[in-house]
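Single-structure report; data block below.
Read the figures in this text as sums done on the coordinates, not as results from a lab. Computed from a prediction, not measured in an experiment: that's the story for all the values here. Here the Cβ positions follow ideal geometry from the backbone for every residue, glycine too, while neighbour counts run over all protein chains shown.
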Amino acid sequence: MTSPEGATGSPHGKKGTGIGSRKRILERLLSARIDQTDSELNRFTPMQVINSLFSFLYHGDASMKSKAVSLMGKTVAALAEDDMESGRNVVRRLMWNLNDESGSIGWGSPEAMGEILARHEKLACEYGHILASYTRPEGNYLENAILQRGLLWALLRVWRTRPELFTRWDPLIPPYLESADPAVRGLAAELLGGLREKQAYHALSGLLEDDSEYENPMEPDGLKRRVKDAAREALEKIESETE
C-alpha cells in the first residue's frame with residue numbers, strides 16, 4: 001500500500017497561521033471542559049485542522065483524544081461534502097497509518113476512521129469493508145490489543161448509525177471474546193449484543209463469571225464496566241430477539 005497522495009493538501013486555499021499556532025489553538029479547544037464554537041477554527045482550512053488533529057489521535061489524555069476523534073470526523077465529513085477526493089485521502093492516510101509499511105503503530109486511527117464513516121454515508125459505503133477487514137486474519141488483522149479496543153469502538157460507532165451498511169461488511173467479532181484483554185472482551189460483548197449475534201451465545205455465556213473491569217477507550221469519564229455485565233446484557237438482547 002502506498003502513502004496516500006494529497007492527504008496534506010489544502011483544497012480551499014490558504015488560511016490561518018503556522019502549524020505550531022494551530023496545534024496550540026486545538027490543544028486549548030480540546031482541553032476545554034465545555035464545547036467551544038467553531039469561530040477560532042474558521043481561520044484555518046479544513047485540511048489544516050485535520051493535519052494538526054492527527055497528533056492528538058494518540059494523546060495520552062482520554063478526553064482530548066475523544067474530542068479530537070469527534071472533531072476529525074466532523075471536519076472530514078464536512079470536507080467530503082465539498083471535495084470527496086480530499087475526504088478519501090484522509091481515510092487513506094488513516095489506513096496507511098495502520099499499514100506495516102508505514103512504520104507507524106496507528107494509535108487512534110481506527111477510532112478516527114470509525115467516526116468519519118459514522119458521519120459520512122458515501123465514505124462508509126466505500127471504506128466500511130476495509131474497517132471490517134481489520135477483524136479478519138485473512139484480511140488486515142490488527143494484532144495489538146490497544147488497536148483492537150479502538151477498532152471495536154469504531155465498529156460500535158458505525159453500527160449504531162449505519163446498521164444497514166454494517167451487516168454487509170461481515171466483521172468477525174466472536175474470537176475477540178477469548179482475548180486476554182478485558183476491554184477487548186467487553187467491547188466485543190457489547191457489539192455482539194447489539195448485533196443480536198446468536199452464534200456467539202455460548203461464548204458470551206462463558207463470560208458470565210468474568211469479573212474483570214474495563215473502560216471504553218473513548219469515554220473520558222473513566223467509568224469502569226465489568227465484562228460479565230456486558231456479556232449479560234448481550235445475552236438479554238439476543239434472547240429478546242428469539243422470543
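Beyond 17 Å, what share of the Cα-Cα pairs of the range 173-243 is found? Please give it as a whole percent.
On the way: 838 of 2485 pairs.
Cα-Cα pairs of the range 173-243 separated by over 17 Å account for 34 percent.
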Task: the range 52-75-the range 86-142 distance, computed between alpha-carbon centres (Å) - done: 15 Å
TODO: Per residue of the range 226-240, in order, report the coupling 6.51 cos²θ - 1.76 cosθ + 1.60 (Karplus, θ = phi - 60°) as ³J(HN,Hα) in whole Hz, putting x for Gly and Pro.
DONE: 9, 4, 5, 6, 5, 5, 4, 5, 5, 5, 4, 5, 5, 5, 5
Task: HN-Hα J in Hz across the range 131-147 - Karplus 6.51, -1.76, 1.60, θ = phi - 60°, x for Gly and Pro - done: 4, 5, 5, 6, 8, 10, x, 7, x, 10, 3, 9, 8, 6, 5, 5, 5
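Count of lysine pairs in the chain with Cα atoms under 15 Å apart, counting only pairs 8 or more residues apart in sequence or on different chains? Working shown, then result.
Numbers: LYS15/LYS23; LYS23/LYS65; LYS23/LYS67; LYS65/LYS74; LYS74/LYS122; LYS198/LYS237; LYS228/LYS237.
So the count of such lysine pairs works out to 7.
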Open item on the list: Contact order normalised by length for the chain, with contacts defined as Cα pairs under 8 Å and 6 or more residues apart; what percent is it?
Closed with: 15 percent
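To the nearest 500 deg cm²/dmol, what mean residue ellipticity at 222 nm is calculated for the chain from DSSP H runs of n ≥ 4 alone, each contributing -39,500 (n - 2.57), summed and divided by the residues?
On the way: 11 runs with 139 residues, N = 243.
Calculated mean residue ellipticity at 222 nm is -18000 deg cm²/dmol.
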Open item on the list: If amide hydrogens are placed 1.01 Å from N in the peptide plane, which non-local residues have theirs closer than 5 Å to the one on TYR134?
Closed with: ASN140
Open item on the list: For a quick check of your reading of the filter: which GluC sites (Glu not before Pro) in the range 77-172 sit in a DSSP loop and have no more than 13 other Cβ atoms within 10 Å?
Closed with: GLU138, GLU143
Task: Inter-probe distance in nm under a simple model that places probes 7 Å from Cα toward Cβ, at GLU241 and HIS129 - done: 2.3 nm
TODO: Arrange the peptides 146-154, 194-202 so that the one whose residues have, on average, the most other Cβ atoms within 10 Å appears first.
DONE: 146-154, 194-202
- [ ] Quick one: dipole size for the chain, taken about the Cα centre, charges +1 on Lys/Arg Cβ and -1 on Asp/Glu Cβ, in debye to the nearest 20.
- [x] 980 debye
Task: Karplus (6.51, -1.76, 1.60) ³J(HN,Hα), θ = phi - 60°, over the range 55-69, in Hz, Gly and Pro reported as x - done: 5, 8, 5, 10, 5, x, 7, 4, 5, 5, 4, 4, 5, 5, 4
TODO: For the chain, list log₁₀ I(q)/I(0) at each q in 0.08 Å⁻¹, using the Debye formula over Cα point scatterers of equal strength and ignoring solvent, two decimals each.
DONE: -0.31
Open item on the list: Under the rule a/c < 1.5 gives rounded, and otherwise a/b versus b/c splits prolate from oblate, where does the range 79-123 land using the Cα gyration tensor?
Closed with: oblate
Open item on the list: If neighbour count is taken as other Cβ atoms inside 10 Å, put PHE54, PHE44 in order from fewest to most.
Closed with: PHE54, PHE44
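Can you work out D for the range 105-220 in µm² s⁻¹ from Stokes-Einstein, where Rh is the Kirkwood radius over C-alpha pairs, the temperature is 20 °C and the viscosity is 1.002 mPa s? Before the final figure, lay out the partial values.
Values: Rh = 14.2 Å.
Stokes-Einstein gives a translational diffusion coefficient of 151 µm²/s.
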